[in-house]
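**Student:** Structure in structure tokens, see below.
Computed from the coordinates by the stated procedures, all read-outs in this text should not be read as laboratory data. Worth saying up front: this structure is predicted, and the values here are computed from it rather than measured. Please note: Cβ atoms are built from the backbone with ideal geometry, for glycine as well, and neighbour counts cover all protein chains shown.
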């Protein structure tokens, strides 16, 4: 069904955030790229579980 439990949402977000390095004062294109990466990563992790 491609669904995760409600408590699983924060766990998924935490996993994705831990896999990405923070960049101070990032330009907009870097922020948008990080957003796309995070969405792709979260979808892959959700499918794996």
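**Student:** On a 0 to 90° scale, report how tilted helix 28-48 is relative to the longest principal axis of the chain, with both axes built from alpha carbons and the result rounded to the nearest 10.
**Tutor:** 20
**Student:** A further question on this structure: Angle, helix 6-18 long axis vs. longest principal axis of the chain, Cα atoms, 0 to 90°, nearest 10?
**Tutor:** 40
**Student:** I'd like the Kirkwood hydrodynamic radius of region 6-48, using the inverse of the mean 1/r over distinct C-alpha pairs, in Å. Working shown, then result.
**Tutor:** Numbers: mean 1/r = 0.0902 Å⁻¹.
That comes to 11.1 Å for region 6-48.
**Student:** Using the basic label-point model (7 angstrom from Cα toward the beta carbon), what is the residue 15 to residue 40 distance in nanometres?
**Tutor:** Going from the residue 15 label point to the residue 40 one covers 1.8 nm.
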